[in-house]
Structures are given as structure tokens and as C-alpha cells.
Amino acid sequence: MSAAYSIPAAPVTVSGEIKRSEFITCIAHTPGREAVATFIQSCRDAHPKANHHCYAFIAGAPYDDTSHGSSDDGEPAGSAGRPMLNVLSHSGIGEITVVVIRYFGGIKLGVGGLVRAYSQSTQDGLKELLLQQFTPRFPLWLRCDYSTHAQLLRRLPEWDAKVEQEHFAADITLCMAVPSALSDQACQSLLQLGCQLCDPPA
């Protein structure tokens, strides 16, 4: 089952200087790859004259490796994006993108120096980041009669569930968002109440 995890509560921007190069770290909540791409482009647009816009992201849950990605954006291979992603991967934070913008100051740092600089810039940004908890929820489509509907609503807190949609006709069709960790328990209880699982209305 999918566990709850932390996500950014608000964007963060911090900056620092390392051997005359300016490093600007921008962090945002990015739930999905489209949001990741939009945020990276906004950083490029805000700093069009920067030499590099390196980034790392986790577009979904932190434990979902398929949602991870990074880019060195012209820095030596493995010297920026991968170290940044390594910091993110150990943070336990999901739905997050970090962009580190570098204005080159004339002094080369070498691969080892770049790894340290981009890792530290990412860590500095995370230190300033406010977090909130996110609970993955599973959509359950149900059909029930009106008397059962009243009982169902009274029991929502038991499953930490939320009603997302309702369609009223001879019976009631509704969509409940249930924490993934409680979806099996909720299904069993709902069937015992007399609800029927169904497909979303056309």
C-alpha cells in the first residue's frame, strides 16, 4: 500500500557564492512531470543569462523510482544533476523539483568541487523548505440507496475518506477518496453496509 509522505508546502529560493560563482537554488512542489517541466522552464525564463540550470526532481512518491530524474545542463557528466538527486532521494520528500542556477564566476571548480557545490546548494534549499504531509488516496466508485448513503456519510471519519463526487437518481452513485492504506478495509465495510462497487458514470 502507498504510504503518506512529505511534499513542499511553499516554494523556496536561496542563493550562495562559491569561488565567485553564484548558485541560486529554487525549489517547488511539482505533482507530475508536466509540473516539473513547467517549473524548470520558469527558472530558465527568470535567469536567461545564467550559464547552467541544473535540476533534479521526484515527480511522484519518493519511493517510486520511476518518477525520478535529473540533468547536468552542460556541466560535466555526473557532477550536478545526479548529486542533487542523491540528496533528494535521501530526503523522503515527494512531488518536488530542485533547480540550481549557476552564474559562472571565472574559477573552475573541477568535478569534485561541482559535486560538492550542487549537493550543498540542494541541502541549503531543503533546510529552508516548509513541508506538509500528503496521503495518497484511492478512488472508490459506489452505488447505494438513500438510507445506506446516510450511514455511509456518518462512517467517513472511520476510513479518513472524502466524498469527491455524487450523482443522485433512483440510487446514489458516488466517488470516495480513501487513503490507499485503508482501501481494503473500507471496501469490506462498504459492502457490508449494502453498497455496490461500480464504474464511474458515463
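Considering segment 68-92 alone, what residues qualify as being of a type in the set (Gly, Ala, Ser) and assigned to a loop (DSSP other than H, G, I, E, B)?
Our first condition is that a residue be of a type in the set (Gly, Ala, Ser); within segment 68-92, this holds for 69-71, 74, 77-81, 89, 91-92.
Matches in segment 68-92: GLY74, ALA77, GLY78, SER79, ALA80, SER91, GLY92.
Does SER6 satisfy the criteria of being under 30 Å from GLN185 (Cα atoms), out of contact with any His (no Cβ under 6 Å at 6 or more places or on another chain) and part of a strand (DSSP E or B)?
yes
Looking at the structure I just gave you, is LEU182 at pLDDT 95 or above and not β-branched (Val, Ile, Thr)?
So LEU182 fails the test.
Out of all the residues in segment 93-104, which are out of contact with any His (no Cβ under 7 Å at 6 or more places or on another chain) and either assigned to a strand (DSSP E or B) or at pLDDT below 95 (or both)? Step through it out loud before you land on a result.
Residues of segment 93-104 out of contact with any His (no Cβ under 7 Å at 6 or more places or on another chain): 93-94, 97-98, 100, 103-104.
If the condition is that a residue be out of contact with any His (no Cβ under 7 Å at 6 or more places or on another chain) and either assigned to a strand (DSSP E or B) or at pLDDT below 95 (or both), then ILE93, THR97, VAL98, VAL100, TYR103 are the ones that fit.
Does any residue of segment 102-122 turn out to be surrounded by fewer than 17 Cβ atoms within 10 Å (Cβ to Cβ) and under 22 Å from the mean Cα position of the chain (by Cα)?
No: segment 102-122 contains no residue that is surrounded by fewer than 17 Cβ atoms within 10 Å (Cβ to Cβ) and under 22 Å from the mean Cα position of the chain (by Cα).
Could you list, ordered by first residue, the pairs with Cβ atoms under 6 Å in which the first is in segment 65-84 and in the same structural domain as TYR103 (by TED's automatic domain parsing) and the second is among the β-branched types (Val, Ile, Thr) and modelled with pLDDT of 95 or more, at least 6 apart or interchain?
So the pair list comes out as SER67/ILE58; HIS68/ILE58; PRO76/VAL111; SER79/VAL111; SER79/VAL115; PRO83/VAL115; MET84/VAL98; MET84/THR122.
Look through segment 37-88, keep the residues that are of a type in the set (Asp, Glu) and out of contact with any helix residue (DSSP H, G or I) (no Cβ under 8 Å at 6 or more places or on another chain), and return whichever of them is surrounded by the most Cβ atoms within 10 Å (Cβ to Cβ). So that I can check it myself, show each step before the final result.
From segment 37-88, those of a type in the set (Asp, Glu) are 45, 64-65, 72-73, 75; that's our starting set.
Filter once more, so that each one left must be out of contact with any helix residue (DSSP H, G or I) (no Cβ under 8 Å at 6 or more places or on another chain): 45, 64-65.
On the way: ASP45: 8, ASP64: 13, ASP65: 10.
That would be ASP64.
Restricting segment 21-64 to residues that are in a helix (DSSP H, G or I) and acidic (Asp, Glu), which is farthest from PHE104 (Cα to Cα)?
Step one: filter segment 21-64 for residues in a helix (DSSP H, G or I), giving 33-46.
Remaining after also requiring acidic (Asp, Glu): 34, 45.
Values: GLU34: 29, ASP45: 18 Å.
Looking at the filtered set, the residue picked out is GLU34.
Looking at segment 123-145, which of its residues are surrounded by 12 or more Cβ atoms within 10 Å (Cβ to Cβ), assigned to a strand (DSSP E or B) and modelled with pLDDT under 95?
PHE134, ARG137, PHE138, PRO139, LEU140, TRP141, LEU142, ARG143, CYS144
State all residues of segment 168-202 that are surrounded by fewer than 16 Cβ atoms within 10 Å (Cβ to Cβ), in contact with a His (Cβ under 7 Å, 6 or more places away or on another chain) and outside any loop (DSSP other than H, G, I, E, B); if no residue qualifies, say none.
none
The values are calculated or read from the model by the stated rules, or taken from the named source; none is laboratory data. Keep in mind it's a predicted model, so treat the numbers as computed, not measured. Cβ: placed from backbone, ideal geometry, glycine included. Neighbour counts: every protein chain shown.
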